[in-house]
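Scroll down for the structure; my scribbles are underneath it.
The values are calculated or read from the model by the stated rules, or taken from the named source; none is laboratory data. What you see is a predicted model; the values in this text were computed from it and never measured. Note that each Cβ is placed from the backbone with ideal geometry, even for glycine, and that neighbours are counted across all protein chains shown. Just the protein is used for accessible areas: all its heavy atoms, side chains included, with ligands, DNA and RNA removed. Shrake-Rupley method; radii C 1.70, N 1.55, O 1.52, S 1.80 Å.
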Amino acid sequence: MNDTIVSYLAQAPGYSLAVSKISEILGFDATGLVTFLVFGIAVFIVVNVMALVGGLGTYAERKISADIQMRQGPNRVGPYGLLQFLADGVKMITKEDVTPRDADKTLFFVAPLLALVGVFMSLAVIPFSSGFTLTSLNIGVFYLLGVSSLVGVAIFVGGYASNSKWSMLGGMRGASQIISYEVPVTLSILAVVLMAGGLSFGTITEAQGGLPHQWFILHNPFSFIAFFVLFVGALAEANRAPFDLPEAESELVSGYHTEFTGMRFAFFALAEYIEVFVLCGVCAALFLGGYNVPFGLGSGDFIIKNFPAVHPMIAKQIGNVLQLKVFVLKTLALYYVVIWIRWTLPRLRVDHLMTLCWKYMTPIAIFNLVGIAIWIYAFEGKSMLTLMASALSAMAGSGGGH
Amino acid sequence: MISLSSYLIVSFALFLCGIVVIIARKNIIAMLLGMELILNAGALNFAAYTRFVNQNLDGHVMSLFIIIIAAAEAAVGLAIVIRFFQIKESIHIDDAVELQS
Amino acid sequence: MFLDTMFLLSALATLGGALMVVMSKNLMHACMYLLLSLFGVAGLYATLGADFLAATQLVVYAGGVVILMLFAIMLTGGVEEFVNKFGINKIPSMGTTKTYTIGAIVSLIFSFVILKTLSPLFKNYSQADLPPMESTVEDIGVLLVTDHALAFEISSVLLLGALIGAAVISRPRKINGGSK
């Protein structure tokens, strides 16, 4: 396990050589500089890829909704309309940047940036693969919870700053929804932390295995429920349907971003789509095995054993790419489910939303937490399927004895 | 070079800012903001002493309790402020004089 | 080097935010500056190697307290009346020069007292070699359920009390009739 992407790259044989070469040329110890530069490049890549994912998210949303409603969807710009999001982006940039006369100018400027900053900060701990994690903080999940709540502040401030009734209602709904749903989400995550024995995404992912029966979702009945609590809570935190009350088109025009035009609106939209990706990634990492690839393919053991001709370093790299693919695949599958839910279920009412959170999901989450604690104490952390398998084999053994 | 005193100076300035906010403002919510600053100054001191003087983590635990108390105080305080606003239609501290006469 | 830069940035955010909380005439802006200041404090915790504290600071303040404050500001309206209901002039709720002068004098007194206490520390403090930073999560977890178990329990009771108390206090009551 690696702490950061830099310590992962430093394992490569050429890295220290290159660092010493650069130090020779510059005349001082360049380790810090190189670390900084590598981090900068990695962060640049991740942020840009994520912005691309956010852009493609809008395309996916329109295409999938069209599919569900038996329409064609965007199909003019580029092959299958794939470049539609670029066209949208150009349109957004060329729009006039309107600031309402009575708006709070400073906060109106700050709010979209705050949303984007909160989401991008949370990307720092997403475990894309065992090597390609920007930094594997040992408080990873906790950090992500804290940072992603900045989006709530941004939504609230955006609603306040535009000084319009729709925006204000949307902002207040958004903030109340986000801080309410943080409770069941945190309790569900706490249950996972209990099972894995660590707050870092690395620990949690390594505690699971590549095959579905080793995932935490099938670890015991309580964690099966906890996954759905977490997923529904994540939907509500990202303001996705059926919980998209803050931006309900039919009631609030467009909620907290009614008054935002051009790039500011694009920032909010981008932040929302990336946040959905991040939350799906969290769900995948916590419950669906994260970047684990079955049969030892991820760590490269499989390739090293069966193809001794391949250099172990290359085998490891192949494993890493496979891990990356598996993680992104799981996340995108969840992303599809999120969009699917949006175009299937009708929107909830505000009081129903709060009732669902406080009267159903929070008690269920507490019940899950206690249940998982008891399970781990009673069965010494063994999973449901392991217990069943051992019981079956014991029965078979005793049957054979008779 | 950062040392204990630099942290203490930061926490000291934070504390003074909190005091000035509490005294100068007449808005109850603004006074609560000042309170948060003061509590943070205290918690920062605990963490700084833990790092530089005795590396046992009791100071961190104390800071955690301070954060917990700040959260509880904010929740109850703001509930009281909202209730006060419902009754008096004001959040000016000089309107809270029921117990004075 | 890296720690020094981080410390300077965090201290700048903390003190700049705190100063703007003092100076700002707009309550909403003051609240946002408080958020900046609290983020700065989280950064300071991170430079002190207190990773768990930094994350807790982010979760509790950014996620909870600041949004609660913003809510309270919104629910109580940002309006400012200069006259109370008897027609007597009120001190403006964001303070005047007079109140700021009083605040400055009080803080001056405080600073004398504190500097008097701290001055031997500034003079005689010699920096020992610091141990490398380690993860504090496990140790804090162990401490919370061993040495500080009683305080932990009491704080949980306190939080429960705060939850119920806040719900009961802010619940709208019927004006005539009702439970009384």
For the stretch B:64-83, does any single residue satisfy the condition of being aromatic (Phe, Trp, Tyr), in a helix (DSSP H, G or I) and in contact with a Leu (Cβ under 8 Å, 6 or more places away or on another chain)? no
Subset of the stretch B:8-38 that is closer than 19 Å to residue C:115 by Cα and more than 7 Å from every other protein chain (Cβ to nearest Cβ) - its residue that is nearest to the chain's Cα centre (by Cα): B:38
If you check A:212, A:246, A:242, which single one turns out to be crowded, with 21+ Cβ neighbours inside 10 Å and modelled with pLDDT under 85? A:246
Out of the residues in the stretch A:280-291 that are in a loop (DSSP other than H, G, I, E, B) and open to solvent by less than 20 Å² (accessible area, probe 1.4 Å), state the one that is nearest to residue A:195 (Cα to Cα). A:289
Extreme residue, farthest from the other protein chains (Cβ to nearest Cβ), among residues of the stretch C:60-92 that are modelled with pLDDT of 75 or more and touching a Ser or Thr at 6+ places or on another chain (Cβ under 7 Å): C:62
In the list C:21, C:41, which residue meets the criterion of being in contact with a Phe, Trp or Tyr (Cβ under 8 Å, 6 or more places away or on another chain) and farther than 18 Å from residue A:111 by Cα? C:21
When restricted to A:154, A:111, A:103, the only residue open to solvent by less than 20 Å² (accessible area, probe 1.4 Å), in a loop (DSSP other than H, G, I, E, B) and of a type in the set (A, V, I, L, M) is A:103
Does residue A:206 fit the bill of being surrounded by fewer than 19 Cβ atoms within 10 Å (Cβ to Cβ) and either modelled with pLDDT under 85 or out of contact with any Leu (no Cβ under 9 Å at 6 or more places or on another chain) (or both)? yes
What tally of residues in the stretch A:83-114 results from selecting those that are of a type in the set (D, E, K, R) and within 14 Å of chain C (Cβ to nearest Cβ)? 3
Considering residues of the stretch B:53-85 that are among the aromatic types (Phe, Trp, Tyr) and within 7 Å of another protein chain (Cβ to nearest Cβ) only, the residue farthest from residue C:45 (Cα to Cα): B:85
Which listed residue, of A:136, A:149, A:188, is within 12 Å of chain C (Cβ to nearest Cβ), of a type in the set (Ser, Thr, Tyr) and open to solvent by less than 10 Å² (accessible area, probe 1.4 Å): A:149
Name the residues in the stretch C:18-54 that are small (Gly, Ala, Ser), under 23 Å from residue A:144 (Cβ atoms) and either in contact with a Lys or Arg (Cβ under 7 Å, 6 or more places away or on another chain) or open to solvent by less than 30 Å² (accessible area, probe 1.4 Å) (or both), would you? C:37, C:40, C:42, C:43, C:49, C:50, C:54
Could you tell me which residue of the stretch A:323-351 is farthest from residue A:291 (Cα to Cα), considering only residues that are open to solvent by 50 Å² or more (accessible area, probe 1.4 Å) and outside any helix (DSSP H, G or I)? A:349
Return yes or no: is residue C:59 under 14 Å from the mean Cα position of the chain (by Cα) and either farther than 30 Å from residue B:53 by Cα or open to solvent by less than 10 Å² (accessible area, probe 1.4 Å) (or both)? no
Restricting to the stretch C:14-31, count the residues that are more than 7 Å from every other protein chain (Cβ to nearest Cβ) and either under 25 Å from residue A:159 (Cβ atoms) or outside any helix (DSSP H, G or I) (or both). 5
Could you tell me which residue of the stretch A:21-37 is most open to solvent (accessible area, probe 1.4 Å), considering only residues that are in contact with a helix residue (DSSP H, G or I) (Cβ under 9 Å, 6 or more places away or on another chain) and within 14 Å of another protein chain (Cβ to nearest Cβ)? A:36
What's the number of the only condition in (1) within 22 Å of the chain's Cα centre (by Cα); (2) in contact (Cβ under 8 Å) with a residue 12 or more places away in the chain; (3) open to solvent by less than 50 Å² (accessible area, probe 1.4 Å) that residue A:18 fails to meet? (1)
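From the list A:91, A:63, A:21, exactly one residue is over 30 Å from residue A:155 (Cα atoms), of a type in the set (Lys, Arg) and in a helix (DSSP H, G or I). Which is it?
The unique qualifying residue is A:21.
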